[in-house]
1. Of the residues Asn30, Asn41, only one is among the polar types (S, T, N, Q) and not in a loop (DSSP other than H, G, I, E, B); which?
2. Among the candidates Leu55, Leu98, which residue alone is loosely packed, with under 13 Cβ neighbours inside 10 Å, modelled with pLDDT of 90 or more, of a type outside the set (Val, Ile, Thr) and under 16 Å from the mean Cα position of the chain (by Cα)?
3. Give me the pairs, please: first residue somewhere in segment 89-116 and more than 15 Å from Asn48 (Cβ to Cβ), second residue anywhere and charged (D, E, K, R) and surrounded by 10 or more Cβ atoms within 10 Å (Cβ to Cβ), beta-carbon distance under 7 Å, and either six or more positions apart or on two chains.
4. Can you tell me which of (1) aliphatic (A, V, I, L, M); (2) surrounded by 14 or more Cβ atoms within 10 Å (Cβ to Cβ); (3) more than 17 Å from the chain's Cα centre (by Cα) is the one Leu87 doesn't meet?
5. Might you let me know whether segment 31-47 holds any residue that is surrounded by 11 or more Cβ atoms within 10 Å (Cβ to Cβ) and at positive phi?
6. Starting from segment 19-43, keep only residues that are within 15 Å of Ile60 (Cβ to Cβ), then list their pairs with residues that are open to solvent by 80 Å² or more (accessible area, probe 1.4 Å) whose Cβ atoms are within a distance under 8 Å, requiring at least 6 positions of separation or different chains.
7. Could you check segment 56-96 and list, in sequence order, the residues that are within 19 Å of Trp113 (Cα to Cα), in a helix (DSSP H, G or I) and of a type outside the set (Val, Ile, Thr)?
8. Name the residues in segment 1-11 that are open to solvent by less than 60 Å² (accessible area, probe 1.4 Å) and either within 14 Å of Arg53 (Cα to Cα) or part of a helix (DSSP H, G or I) (or both), would you?
Amino acid sequence: MARPGLYWEAVAAYAAANPTQPFVAQFGANLEIQQVHVPDNQVWNFTNDDAIRVLIHNCIPPDWVDHAYTYGVVYLEQQFHQPTMSLDVFQDVDDERLQRLAVYGTPPAIPNWDGW
């Protein structure tokens, strides 16, 4: 969520790799989202790529992920101030975030959803 454009890139890569099964984002009043179940002993092995695959599998619209950008940044900042947060991990993610901001700009919020 704190990496602008990452999900858009993943959706484009999925579309290129699966031309007969194009990505079609869900929309409308009734959506179906399958929850992912990760055993407790495997949680630390769940990667960003795994999360993106779950989002794509559930046809989550890229603009929903864009809307979560501010939350992702606030979450990272809060985690940075926790004693268990590794400065190296935070710095790597923040460096990538800044590089992506330079390319994609700040992801737009969905106006009707803004303010929560």
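1. Just a single option satisfies the conditions, and that option is Asn41.
2. Only one candidate passes the filter, namely Leu98.
3. Hits for this filter: Pro107/Asp66; Pro108/Asp66; Ile110/Asp63.
4. Evaluating Leu87 over (1) aliphatic (A, V, I, L, M); (2) surrounded by 14 or more Cβ atoms within 10 Å (Cβ to Cβ); (3) more than 17 Å from the chain's Cα centre (by Cα) leaves (2) as the failure.
5. no
6. Gln26/Glu32; Gln26/Ile33; Gln34/His57
7. Listed by number, the residues that qualify are Pro62, Asp63, Trp64, Asp66, His67, Tyr69, Tyr71, Gly72, Tyr75.
8. Correct list: Leu6, Tyr7, Ala10, Val11.
The values are calculated or read from the model by the stated rules, or taken from the named source; none is laboratory data. The model shown is predicted, which means the values in this text are computed figures rather than measured ones. No Cβ is skipped: glycine too gets one built from the backbone with ideal geometry, and neighbour counts run over all protein chains shown. The accessibility values were calculated without ligands, DNA or RNA, using every heavy atom of the protein model including side chains. Shrake-Rupley method; radii C 1.70, N 1.55, O 1.52, S 1.80 Å.
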